[in-house]
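Enquirer: I'd like to ask you about the structure that follows.
Here, each number is a calculation from the coordinates, and none is a lab measurement. Just so you know, these numbers come straight off a predicted model, no measurement behind them. Reconstructed Cβ throughout: ideal geometry from the backbone, glycine too, with neighbour counts over all protein chains shown.
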Amino acid sequence: MRKTWVLGNWKLNNDSQSIRQWLEDFQQVEVPSNAVVGVAPVSIYSQHVAAHAPQNLLVGSQNVSQFDGGAYTGEVSAAMLSDAKIAFSLVGHSERRMYFGETNEITKDKVNALLQTGIIPVLCCGESQVQYETGKSQSVVESQLRAVLDHVAAEDVAKLVIAYEPVWAIGTGLTATPEYAQQMHQFIRALVAEYSSSASDLPILYGGSCNGSNAKELFAQADIDGGLIGGASLKVSDFNKIIEAAR
């Protein structure tokens, strides 16, 4: 039976003081036995969080370089993340694609860099509002995923986590209906099944304005295995409501 994943993406938020308070508050959280919980801080704080996180909290990165090393100013390699005890890394997040020119090709290289170092790639995919409104959601997601899956060894597909994030529902207050989200997750699982027999075990997370009010209904869907949480992960009290929905 698949576990429910609740991963927080802090984006460009929190500082050392607020992080210390967050970790202190998280000590009171009881993570259900069927859940995997983690957070991805800003990179400058990742090692500190990893060093002080309790055992029931995975620590991730919001980004990783596709390069192993060399003259790439500002980049952080997968090997460096591994050395810092980072457990997972987001890849291909819509904001990386939108603001920093992260293409499907770059995303593919980053996924493989992570796989080589044993870090869990959380592969993000999703459509814009225009693509959604013009009925292109599935074709967009398919192209994003095939660009990666075509270049990942079959035995490594089982090591992925996929996060479906409809761009039109990120930070907008809009949320896909549970029925629509389920339809897209089911589509993604069927696509992954073309590449690996492990598709039925693969965690597929919903990443569009998931919060304490809608998490329970979303997580109840057959192919939704948790959430990639943005703003609602910044306060432990809000984050814990989503964790509770995993029970």
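Enquirer: Output ³J(HN,Hα) for the range 99-116: one whole-Hz value per residue in order, computed from phi by the Karplus curve 6.51 cos²θ - 1.76 cosθ + 1.60 with θ = phi - 60°, and x for Gly and Pro.
Expert: After applying 6.51 cos²θ - 1.76 cosθ + 1.60, I find 9, 10, x, 6, 8, 4, 5, 5, 4, 4, 5, 5, 4, 5, 4, 5, 4, 5 Hz.
Enquirer: Please give the length that would be gained between GLU155 and TYR99 if that part of the chain were fully extended, namely 0.36 nm times their separation in residues minus their C-alpha to C-alpha distance (nm, one decimal).
Expert: Here the segment from GLU155 to TYR99 would lengthen by 16.9 nm.
Enquirer: Step through the residues of the range 120-134 one at a time and calculate ³J(HN,Hα) from phi using the Karplus curve (6.51 cos²θ - 1.76 cosθ + 1.60, θ = phi - 60°), rounding each to whole Hz and writing x for Gly and Pro.
Expert: Karplus-based 3J(HN,Hα) across the range 120-134 equals 6, x, 9, 7, 8, 8, x, 10, 7, 5, 5, 5, 5, 5, 9 Hz.
Enquirer: Return the sequence-ordered ³J(HN,Hα) values of the range 209-222 in whole Hz as given by the Karplus equation 6.51 cos²θ - 1.76 cosθ + 1.60 applied to θ = phi - 60°, using x for Gly and Pro.
Expert: After applying 6.51 cos²θ - 1.76 cosθ + 1.60, I find 6, 7, 8, x, 7, 10, 4, 4, 5, 5, 5, 6, 6, 4 Hz.
Enquirer: When the helix-only estimate is applied to the chain (DSSP H runs of n ≥ 4, each -39,500 (n - 2.57), divided by the residue count), what is the mean residue ellipticity at 222 nm, nearest 500 deg cm²/dmol?
Expert: Using -39500 (n - 2.57) per qualifying helix, the result is -11500 deg cm²/dmol.
Enquirer: Tell me which of TYR132, PHE67, SER213 sits at the most positive position along the dipole axis of the chain, charges placed on C-beta atoms (Lys, Arg +1; Asp, Glu -1).
Expert: Farthest along the dipole direction, towards plus: SER213.
Enquirer: Just to verify a number: FRET efficiency for THR73 and ALA220, C-beta to C-beta distance, R0 = 35 Å, to 0.05?
Expert: 0.15
Enquirer: Moving on to the next point. Using the alpha-carbon centroid of each, what span in Å lies between the range 114-147 and the range 213-247?
Expert: 21
Enquirer: Another question about this same structure. Want the number for SER197 to GLN21: 0.36 nm per residue separation, take away the alpha-carbon distance, what's left?
Expert: Once the chain is fully extended between SER197 and GLN21, it gains 59.1 nm.
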